[in-house]
Each structure stands twice: as C-alpha cells, then as structure tokens.
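Only one structure is covered here, and it is reproduced in the block below.
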Amino acid sequence: MDSPIVTRLFRQLFSRRACQSLRSHSELPFRIQGARKHGQSRGLSSTSRRGDEADDARRNESQWQQRTDLFPLDMSEEYQKYPIVTADQLRGRRERPRRVKMLTRDFIEDSLYNPSYGYFSKQVVIFTPGEPFDFNNIQDEPEFHRLLGQRYTEFEDKLDAISPNESRQLWHTPTELFRPYYGEAIARYLITNYKLSQYPYHDLIIYEMGAGNGTLMLNILDYIRSTEPSVYDRTKFKIIEISSSLAKLQASQLLRSANSRGHASKVEIINKSIFEWDVVVPSPCFFLAMEVFDNFAHDAIRYDPLTEEPLQGTVLIDRVGEFHEFYTPHIDPIASRFLRVRHAATSGHYPLPLPQSKILRKLRARMPFMPNLSDPEYIPTRLMQFFDILGKYFPSHRLLTSDFHDLPDTIKGVNAPVVQTRYQRRTVPVTTPYVHQGYFDILFPTDFNVMELMYRAITGKLTRVLSHEEFLRRWAYVEETETKNGENPLLSWYKNASVLTTV
C-alpha cells in the first residue's frame, strides 16, 4: 500500500538535498534527469558516474547536449524500448505505471486525475471553516488570519480523531473562506447579465466545472431564490465533476438540510470530465470555471537558443518508478496547434524562455558548461482544448472564470507551476513536476494576456479581464466583508488573481 512508503519518502524531504543531473544523447531526444532535485517525492541518493561515463559523454557531445557538471545513467535503450502511453489509457489502471514514457501533459493529467491514485481523486480534502466569518466584528486582517488558522487546526483535529493522516492534502478556496459573500457576488453577476440578454426568452442555465464541496452552487441558488423568485423558477444548475468522490460529496451537500434539499430539482451533477463532453448545448448558458485552469495539464517545451526550434518534453518512468526527462524536436499535433494558434492570436507577442538578443545567445552558447537548450516553457494545451469544447459544444455560452495570474515559489521556467504537498500539516514545495503521482498538487499560473486572445480566436467571442478586486468591487457588497479598522480581506487576499468574462 502507498501509506508506509509515502510516509518514508516524505520524511526524506526534510532530511536531505539531492542533486540535479542532466544529460542528452546525440542519437536520441534531449534528456534531463529531473528526479534528483531537492524536496522531490523520491528521496534517493545521487546517481554516481560509471568509470567510463566521462569518456562516453565526450564521445556523445553534440550541439544538442545539455552541458553540466553531472551526468546520469544512459537511458537510451529504455527510451527506444518503452512504449508511450497517455493519461486516457491509464484511467483504468490501479497502480502507477512503470517502464513507459509519457508526454508531460499526460503525466500531469494522470498525476492529478487518475481515478485510482490521482491527487483530486484520492488525496484532496477541501477546508470548510464552519459558520461564516463575521467580518464586521473582526478587528483587522491579522485577527482574521489568526481566526482562520484556529479553524484550520480545529477542522484537521476532527479529521485526525477519525482517521489520522500525516500526508493529508488540505486546501481552501475563496468560496469557502468568504461564504456566502463570494458566491452572492457571482450570483448578482449572473442575474444581471441574464436579465439583460436572455430573460424572459430563455431559462437561466448555469454550468459549473469542478465544484469542490458544492458551496458555490448552494450560495448562488440560495441568493437567486431569496432575491429573484421569478428567475429562480427558470434556473437550472449543472455541475460537471471529474472526481467521483467530489461528485458524491456535492450530492450529499445538496441533501444535507431542508434548505439545500429545496434546490434538488434544480441541480444535475454530471460525473465526467469536460474533455469527454460530446453533446451540443444550443441554449444560452453561463459556464463557471473558478480556480480550475491552474490544474489543467501543460506541455513542457524547450528551445534551441540559436535556431529557436521548439522541443517537446517527455518523461520516461523506469522499472523502479524513477523519472527521466527527454526532449524531442518532433512536436505532437496538439502542442503544435497550440503554438500556431498562440502565434496567430497574439501576432507573435508572448514571453519565451530565450534572451531577446541573438548575439547574447550565441555568446552564452560558447561559454563552457552552459546549457544549450533554454529553460522550459509550460504551455496550457489542455486549456486550449477546453476552449475548443466551449466553442464546439456550448456555442451560446458565456464564460466566467477566475484564476491566478501569478504564483509564488514556482519551479524554474516560463509559466512554470508550483509543485507542493503537505506533510505533518506543513506545506512542502518541490522543484520538479515529475513527482510521485497523486501526492502533489501541480498548479500553474494563467497568462490572461495570451489566453484571452486565444479564447477569442477559438470561440469568436469578446471578453473582458478584470482583477479579482475590480470584479468584486462591482458585484459584491463589500461592506459585508469589511473589518472594524476598514480592511477588507475579500478584496486584498487574492491580488494575484484575475477574472475573465465573456461580454
């Protein structure tokens, strides 16, 4: 079973720093061994060189080799021999794969969403603070932070009293922290825009993807029922939830009290991935995607600094479950389409992990021990596919999404993720996305400057991007979340988030 093994490897996170090793092969895609970094899930000793490896490295030296001071074992034979698999092919598998290779996006998708061992399928617990915070009677933000920490401790103490778990993955959302005020702000946006453009000719149809505990759904429906009965009569709320455990939790929340049971006839919970959607919804609808883009799978791309040729990342999983990263100039159709659509939609204006000056790149390439591929860029290919789904199957949708445009403590690279886990109630960040599948959150920032333009290009719709604070100043009753000294956590706690809406 995972538990004893994971406990041992998590303890390694606090006791050692492993080395990072890099290597490429002249006849194979460029390779990086990213599984020897500090804080990763497999606390293994550094790989030592074979006696003749330095000579082999010199013989294999080419313009594609990443030059560093340490080289891992040669995995050329395994790379040629192991089959490539996708996250979809692994969905029915109960054990983590070995002796395979996967595109980076498939590895991330499998790590987060595999039904048997994925992070969101088995590990995640969403924090619920209990009774809503009475912000008007809280002195200031530090006191709110102290009260939140106290409720966190009480919440986890109750869970440990039932089933102790040192590696419990516990996190919160603005919906839970600012219940019901956050959800009511979303409801006001929906009601106003529905009445302006659809009422009384169409029903108010709301889709929510990744609904967590179901709190946002209940807050929205409660508000519509109490303030706009005629709109409530025509409201339908549909949740699209990939996680079976969360879908069951949402259904139980709906039946938890007489008040919530009153919404049962309005709600449908669809337990499937949005990427499996194959039914056209011709009616106008609102589509909510709150804090879900950050966990969409990304591809890893590196560039040749002289030619600017992109190379796509693949991770090889060996016979003992260790990870080895390769890069190949053969870009698969999905990543290739992303690069083309992005370039067309932005007119070529987007960040790359390359110095602007070609002269500087050439000088750096001539320096000893300098890498001859760029840092990685993580491209949101899954997000592009989500836009495809909206455009094809929800042609009359209006999107409302909120997510992080910036994240602290990201790993190295452009648009790079935060990769972290919890152990003994402490957050443990690591420096690679290639970690023990299912025990680490892998969350990416969203470049709204780029993705807004791609959304427009794919769906043909117009959009507006606001900061989290700007959106809530328009739609929230901000006086309800103001503390005694005038501070407002609802407005100040998510300054690194943006909101995109279809107009």
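Quick notes on this one:
- Estimated distance in nm for a label pair at Tyr477 and Tyr199, the labels positioned 7 Å out from Cα along Cα-to-Cβ: 1.7
- Placing R0 at 22 angstrom, the Cβ-Cβ distance between Thr427 and Leu159 gives a FRET efficiency of 0.80 after rounding to 0.05.
- Taking trypsin sites (Lys or Arg not before Pro) across the stretch 76-122, the ones in a DSSP loop with at most 11 further Cβ atoms lying within 10 angstrom of their Cβ are Arg94.
- Gain on full stretching of the segment that runs from Ile84 to Gln139 - 0.36 nm per residue minus C-alpha separation: 14.1 nm
- A 1.4 Å probe run over the protein chains yields, for the stretch 205-297, 37 Å² of accessible area per residue, whole-number rounding.
- Unit charges on C-beta of K, R, D, E only; dipole of the stretch 361-475, Debye: 160
- Nearby aspartates and glutamates by direct alpha-carbon distance to Lys272 (threshold 12 angstrom, same-chain neighbours under 8 apart not counted): Glu241
- Note on surface exposure: His330, His343 rank His330, His343 by accessible area, highest first, 1.4 Å probe.
- Spacing of the two label points (7 Å from each Cα toward its C-beta) at Glu268 and Tyr152, in nm: 3.9
- Placing +1 on the Cβ of every Lys and Arg and -1 on the Cβ of every Asp and Glu, with nothing else charged, gives the stretch 71-118 a dipole about its Cα centre of roughly 200 debye.
- For the stretch 334-409, the per residue solvent-accessible surface stands at 49 Å², with DNA, RNA and ligands left out and a 1.4 Å probe.
- Cα→Cβ-extended label distance, 7 Å offset, between Glu77 and Thr192, nm: 6.7
- Segment Lys248-Glu308, length gained on full extension (0.36 nm per residue, minus Cα span): 16.8 nm
- Other residues lying with their Cβ under 13 Å from the Cβ of Arg319 contribute a combined charge of +1, Lys and Arg counting +1, Asp and Glu -1.
- Alpha carbon centroid spacing (whole Å) that separates the stretch 453-503 from the stretch 113-173: 24
- Straight-line reach from Lys266: taking Cα to Cα under 27 Å and skipping same-chain neighbours fewer than 8 places apart, the lysines in range are Lys195, Lys236, Lys238, Lys248, Lys392.
- log10 of Debye I(q)/I(0), alpha-carbon scatterers only, for the chain at 0.08, 0.09, 0.10 Å⁻¹: -0.54, -0.68, -0.84
- Loop-exposed chymotrypsin sites (Phe, Trp or Tyr not before Pro) per DSSP, neighbour cap 13 Cβ within 10 angstrom, longest uninterrupted part of the chain: 15-200
- Whole-angstrom gap from the stretch 246-294 to the stretch 342-373, using each part's C-alpha centre: 44
- Of the trypsin sites (Lys or Arg not before Pro) in the stretch 429-503, the ones in a loop by DSSP (not H, G, I, E or B) with at most 14 other beta carbons within 10 Å are Lys484, Lys495.
- The length gained by stretching the chain between Val465 and Glu131 to full extension, at 0.36 nm per residue less their Cα-Cα distance, is 117.0 nm.
- Measuring nothing but protein heavy atoms, the accessible surface of the chain at 1.4 Å probe radius is 50 percent carbon and sulfur.
- Set of lysines with alpha-carbon distance to Lys362 below 27 Å, sequence-local pairs under 8 removed: Lys412
- For the stretch 221-360, the residue among Ser230, Ser273, Thr307 whose Cα projects farthest onto the positive side of the dipole built from Cβ charges is Ser230.
- Only Lys, Arg (+1) and Asp, Glu (-1) charged, at Cβ; the chain dipole about Cα centre in debye: 880
The values are calculated or read from the model by the stated rules, or taken from the named source; none is laboratory data. Remember, predicted model here, so these are calculated numbers, not experimental data. All Cβ positions, glycine included, derive from the backbone under ideal geometry; neighbour counts span all protein chains shown. We work out accessible area using only protein heavy atoms, side chains counted, and drop any ligands, DNA or RNA first. Shrake-Rupley method; radii C 1.70, N 1.55, O 1.52, S 1.80 Å.
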